[in-house]
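Report on the following structure.
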Amino acid sequence: MTDQYAVIGNPISHSKSPLIHSTFAQASGQDLAYSVIEGPLQGFAEAVSRFRDVGGKGMNITAPFKLQAFQLADVLTERATLAGAVNAFKFEGGRIHADNFDGIGLVNDIQRNLGAPMRGKRVLLLGAGGAARGALLPFLEQQPAELVLANRTPEKAERLVADVGRRSGLRGGGYADIGEGHFDIVVNATSASLKGELPAVSSAVFSAQGLAYELVYGKGLTPFLRLARNAGVKRLADGVGMLVEQAAEAFVWWRGVRPDTRSVITSLTVPLV
Ligand code: NDP
């Protein structure tokens, strides 16, 4: 029988997840169907229950339900616990197993696809919302020389760093606390670009040989990427690779098969102009 999976969000019509997962399934010969559920804003848990009752095997969870998904989970990974947010469920043994693959998807895109290793490098992460929270542990696991977390509301970055505990090279604060020097990798994990805004970061943080990465995808050259390009950065990327790589991690978790991501990323990429 065909196994059932779905993505739940609201709104959800824009989601690329059905296309990504059907492509993975077809290419790897997996018998599964992947549908879209527009979750009622006041009825997330009931919508998940309904999908489980009809035999659903797993789900992706997107905005605005990632925090509610965290609350609903029975079994959580460490990175999902630190993120306080969940983007994938697996229904197994009568329990809801939950993980957050956003951070590892981002790491895989940066390191494997874009060829920018983090080990021993200076990394600057802008933002302290769900996406930055999810990225923190996977980033630290790569052992950067320094990981600086900067957020518009400094207390949120400070709290996040405190939550993860003392780690060498890790600090958090406001944009004014970033300090001197260039960073090898600068990641914009704020939602500023969705409103055409620019986080208050100085162009001095960029290194011409480094990477500037924007989590928002499909919007071409955002104000952040434009700032980086004007500072001489040649390697610019948006979050389309992260989107596909987090989907691939969920696919492996559900099916035990690693799908090829390259062609899917290429087909979804919008030129950065
Ligand atoms: P949240 O709403 O949880 O957090 C938003 C963050 O952006 C906060 O740190 C907030 O700062 C900051 N922010 C918002 N506006 C500005 C601004 N004008 N200047 C500076 N900082 C600002 O969002 P998420 O963390 O969930 O998502 C962040 C972005 O990442 C979104 O745009 C989302 O689309 C994208 N994303 C992409 C994914 C992908 O697969 N490519 C996956 C997940 C997310 P403050 O705390 O001060 O309010």
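No value in this document is a laboratory result; all are computed from the given coordinates. Remember, it's a predicted structure, so these values are computed and weren't measured experimentally. Here Cβ is always computed from backbone atoms with ideal geometry, including for glycine, and neighbour counts include all displayed protein chains.
The figures follow:
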item	result
Equivalent ellipsoid semi-axes - Cα gyration tensor, the stretch 205-266, angstrom	29, 11, 9
Greater than 24 Å apart at Cα, pairs in Lys16/Lys234; Lys16/Lys219; Lys16/Lys156; Lys16/Lys57; Lys156/Lys219; Lys16/Lys195	Lys16/Lys234; Lys16/Lys156; Lys156/Lys219
Spin-label pair Thr266/Ser35, simplified geometry with 7 Å Cα→Cβ offset, distance in nm	3.3
Unit charges on C-beta of K, R, D, E only; dipole of the chain, Debye	460
Size of electric dipole in the stretch 3-100: Cβ of Lys, Arg +1 and of Asp, Glu -1, about Cα centre, debye, nearest 20	140
D (Stokes-Einstein, µm²/s), Kirkwood Cα radius, the stretch 103-239, 1.002 mPa s at 20 °C	148
Sequence ranges 6-15, 216-225, ranked by mean other-Cβ count within 10 angstrom, highest first	216-225, 6-15
Point-to-point label distance, Gln68-Asp177, nm (Cα→Cβ direction, 7 Å offset)	3.3
Amide H contacts under 5 Å for Leu170, placed H, 5+ residues apart	Leu147
Kirkwood estimate for the chain, i.e. one over the average of 1/r between Cα atoms, Å	19.1
Helix runs (DSSP H) in the chain reaching 20 Å along axis by Cα, Kyte-Doolittle at least 0.0	240-255
Prolate/oblate/rounded call for the stretch 7-64, Cα gyration tensor, a/c under 1.5 rounded	oblate
Chymotrypsin sites (Phe, Trp or Tyr not before Pro) lying in DSSP loop within the stretch 35-128, provided at most 12 other Cβ fall within 10 Å	none
For the stretch 69-74, 3J(HN,Hα) per residue [Karplus equation, 6.51 cos²θ - 1.76 cosθ + 1.60, θ = phi - 60°, Hz, x = Gly/Pro]	5, 4, 5, 7, 5, 8
Rg and Dmax [Cα atoms of the stretch 3-100; Å; Rg one decimal, Dmax integer]	12.8, 37
Helix-only CD estimate at 222 nm, as mean residue ellipticity for the chain, using -39500 (n - 2.57) per DSSP H run (n ≥ 4)	-10000 deg cm²/dmol
13 Å beta-carbon shell around His182, net charge (K/R +1, D/E -1)	-1
